[in-house]
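Heads up: the structure comes next, in structure tokens.
The values are calculated or read from the model by the stated rules, or taken from the named source; none is laboratory data. Here the structure is a predicted model, which means the values were calculated and not measured. Quick reminder, even Gly has a Cβ in these numbers, built from the backbone with ideal geometry, and neighbours come from all protein chains shown.
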Amino acid sequence: MLGTGSALVTRCFNTCFVLNAGEGDFLVDAGGGNGILAQFEKAGIDFHTLHHAFLTHGHTDHILGMIWVVRRIAQMVYADDYSGTFTVYGHDEAIEMLDAFCRMVIPSRFYRYIGERLIFRTVADGEEWDAVGCHFTAFDIHSDKTKQYGFNAILPDGRKLVCLGDEPYNPVTERYVKHCDWLMSEAFCLYADRDVFKPYEKFHSTALDAGRDASKLDVKNLLLYHTEDRTLATRAATYSAEAKTHFTGRVVVPDDLEVVIL
Ligand SMILES: [Zn+2]
């Protein structure tokens, strides 16, 4: 987990992570800026071996770091220090935004590799593809805020991991989520702290809600992220305990830079 926080955090990084099933790294979102480079360095992940990324939506805390990743890799291509291609998958609006931002802020000597060595690939609702030894399916989470896609990944051993982006589970996506082995779900705060952090007015939910959904969906393991950052010292214990009031499976609430063994 490169970051585990929600948009306005200052004590941890925005939610983004790398999935590795033994055949390379797959980056999911990139946080809100240049801090993504530091998170890669601290995690010991090398951009030379990063060839795939997924962008859930175009909000600041997810897309701006991707511009830095694109710039970093384009610079390596320019220096003849990167082999192969780097592909960013996302829905049409997110990909359009990423391309527009990159065109405006990345020097043209680097931007010219986009479409050639750096591929921005638009995926449709329900579209499937293979990468890093996994089989991915992207799906529209039908957000009311801004267009957002999650995905599920069938791992090489057949288990299924689902990422819901940064919004609560939406029942219209049930067929993509049900019976999964790992559900990665946002939990903005504890239900007990709802009056402090006001998750519902931000279209977010709580550890309690995520646990209830995970239970209904017959999920085996629940990972909570995209949280507030005022309770980091106690977050793993308190969020897990609250999610477990409804959910009997395993709950993981990782810290930034924590490696979660699936
Ligand atoms: Zn977010």
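Odds and ends about this structure:
- Condition check for residue 212: more than 16 Å from the ligand (Cβ to nearest atom), touching a helix residue (DSSP H, G or I) at 6+ places or on another chain (Cβ under 9 Å), basic (Lys, Arg) and farther than 16 Å from residue 243 by Cα: no
- Looking only at residues in segment 226-247 that are surrounded by fewer than 23 Cβ atoms within 10 Å (Cβ to Cβ), closer than 14 Å to residue 206 by Cβ and not acidic (Asp, Glu), the one that is nearest to the ligand (Cβ to nearest atom) is 231.
- Count - residues of segment 4-25 that are under 10 Å from the mean Cα position of the chain (by Cα) and either aromatic (Phe, Trp, Tyr) or within 10 Å of the ligand (Cβ to nearest atom) (or both): 4
- Some residue of segment 153-175 being among the hydroxyl-bearing types (Ser, Thr, Tyr) and under 30 Å from residue 80 (Cα atoms): no
- Whichever residue in segment 47-84 is in contact with a strand residue (DSSP E or B) (Cβ under 8 Å, 6 or more places away or on another chain), closer than 30 Å to residue 168 by Cα and not in a helix (DSSP H, G or I) and, among such residues, is farthest from the ligand (Cβ to nearest atom): 51
- Residue within segment 20-30 that is among the hydrophobic types (A, V, I, L, M, F, W, C) and surrounded by fewer than 20 Cβ atoms within 10 Å (Cβ to Cβ) present: yes
- Tally of residues being within 16 Å of the ligand (Cβ to nearest atom) and out of contact with any Ser or Thr (no Cβ under 7 Å at 6 or more places or on another chain) across segment 187-203: 6
- When 206, 173 are checked against the criterion of being among the hydroxyl-bearing types (Ser, Thr, Tyr), at pLDDT 95 or above and within 16 Å of the ligand (Cβ to nearest atom), a single residue qualifies: 206.
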